[in-house]
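Comments concern the structure below.
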Amino acid sequence: MTAQIIDGKVIAAELRARVADEVARVKRDHGLTPGLAVVLVGSDPASEVYVRSKHTQTQAAGMASFEHKLPADVGQDELLALIGKLNADPAVHGILVQLPLPKGLDTERVIAAIDPAKDVDGLHPNNAGRLAGGLPALSPCTPLGCIILTKSVHPSLAGMNAIVIGRSNLVGRPLVQLLLNENATVTIAHSRSRDLPALCRQADLVYAAVGKAEMVRGDWIKPGATVIDVGITRIPTAEGKTRLVGDVAFDEAMKVAGAVTPVPGGVGQMTVACLLVNTLRAACAIKGLSAPAV
Ligand code: NAP
């Protein structure tokens, strides 16, 4: 048996196209150009790549993109002052502070300073609390992408057994809430969970968000299960180069699972596409328009 590969590249491209159509519609009908401001502090090379990609894709969707680069030694007050300005700027509907922040900056205070209505990363305590309470909220982009990828295989997740491995605020916890909203039955696993392979084997849907290369083995997976691999780890190759791998042993999973996301080309592709969705949703909500059809 060979599993279906869930092609994040294709699904993300379709989503970006739908966002672009909706952006064109709100521009035409309501004179609204959604705007995303991205704040990058310091010069972490991986963060610079992410920010560049966000900028390019935001513009390609017809939205306004505002980049703010600050030096790594910027003071907390200066960063908070910039966020205050972006909160008040009517051209900005989404604010994303690229994480991780350099040492010395208080990430929690910075996130809490973002207007929850513009919190397109979905990390503000108001949005996290609303999501946990089953209320409409801006939700983190990577978990949103995981749900869309799963629904490309299973249009309804109602009653399915899901396991989420990892309980970070960025991925695991919000993913659990989104799965509950979809009426799945969810197990949350973490570094203290006992007999993780046995827990995994009960799951129709496996989400691995740990950051440990190829931790989830083929014999952890129930035959026919859908496996969504969030992990990204760069490992050295025999040729002295490096390559990206996920948290799931892909070749083993392909022999047992029903469907698997590859790394790269799976979840990673969806994160920026869902950021565009959140920016469009935030812009429509701020302008008092009904939610866009994406
Ligand atoms: P994180 O904050 O480091 O959280 C990792 C989670 O994994 C923690 O909850 C930890 O448990 C759990 N864990 C660690 N070792 C474990 C083990 N042996 N067994 C079971 N659980 C274990 O990481 P994150 O930010 O959620 O990111 C997870 C991975 O996803 C990383 O590889 C990251 O690069 C990737 N990621 C990808 C995207 C994307 O767009 N594709 C976006 C975000 C993150 P404890 O809570 O008990 O410590």
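The values are calculated or read from the model by the stated rules, or taken from the named source; none is laboratory data. Predicted model only: the values in this text are computed from it and were never measured. Every residue, glycine as well, gets a Cβ built from its backbone with ideal geometry; the counts of neighbours run over all protein chains shown. Note: accessible area is taken over every heavy atom of the protein model, side chains too, but ligands, DNA and RNA are not part of it. Shrake-Rupley method; radii C 1.70, N 1.55, O 1.52, S 1.80 Å.
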**Request:** Per residue, how big is the convex hull around the C-alpha atoms of region 141-269? Give it to me in cubic angstrom, could you?
**Result:** 101 Å³
**Prompt:** Want the number for A72 to H154: 0.36 nm per residue separation, take away the alpha-carbon distance, what's left?
**Reply:** 25.1 nm
**Message:** Helix-only mean residue ellipticity at 222 nm, the chain, DSSP H runs n ≥ 4 weighted -39,500 (n - 2.57), per residue, nearest 500. What is it?
**Reply:** -13000 deg cm²/dmol
**Complete:** GNM of the chain, Cα pairs under 10 angstrom: of G224, G240, G133, the biggest fluctuation goes to G240
**Prompt:** Per residue, how many Å² of accessible area does the chain show with a 1.4 Å probe?
**Reply:** 46 Å²
**Request:** Using a 1.4 angstrom probe on heavy atoms only, work out the carbon and sulfur share of the accessible area of the chain in %.
**Result:** 53 percent
**Request:** Could you tell me what percent of the DSSP beta bridges with both partners in the chain are antiparallel, to the nearest 5?
**Result:** 10 percent
**Pair T33, L135: separation of 7 Å Cα→Cβ label points (nm)** = 3.4 nm
**Asked** Accessible area, 1.4 Å probe, largest first: how do K69, K222, K54, K287 sort?
**Response** K69, K287, K222, K54
**Request:** Over every pair of different alpha-carbon atoms in region 30-118, take the mean of 1/r and invert it; report that Kirkwood radius in Å.
**Result:** 13.4 Å
**Prompt:** Taking region 74-208 as the region of interest, what is the percent of Cα-Cα pairs per 10 angstrom bin, listed from the shortest bin to the one with the maximum distance?
**Reply:** 12, 36, 29, 17, 6, 0
**Request:** For the pairs K69/K118; K9/K241; K151/K222; K69/K212, note any where the Cα-Cα span goes beyond 26 Å.
**Result:** K69/K212
**Asked** If you bin every alpha carbon distance in region 165-227 into 10 Å steps from zero, what whole percent lands in each bin?
**Response** 22, 57, 21
**Message:** Per residue, how big is the convex hull of the chain when only Cα atoms are used? Give it in Å³.
**Reply:** 136 Å³
**Prompt:** So if we plug the beta-carbon distance of T242 and A64 into 1/(1 + (r/R0)^6) with R0 = 51 Å, what FRET efficiency do we get, rounded to 0.05?
**Reply:** 0.90
**Asked** If you find the alpha carbon centre of region 88-103 and of region 199-257, how far apart are they in angstrom?
**Response** 32 Å
**Message:** Can you compute the modelled spin-label distance between V10 and H190, with each label point 7 Å from Cα toward Cβ, in nm?
**Reply:** 3.8 nm
**Asked** How many nm separate the modelled label positions at D21 and A46, each set 7 Å beyond the Cα in the direction of the Cβ?
**Response** 3.5 nm
**Message:** For the chain, which cysteines have no second Cys with its Cβ under 4.7 Å from theirs?
**Reply:** C146, C200, C284
**Rg over Rh [alpha-carbon atoms, Kirkwood Rh] for region 1-154** = 0.99
**Request:** Output the Kirkwood hydrodynamic radius of region 204-294, Cα pairs only, in Å rounded to one decimal.
**Result:** 14.9 Å
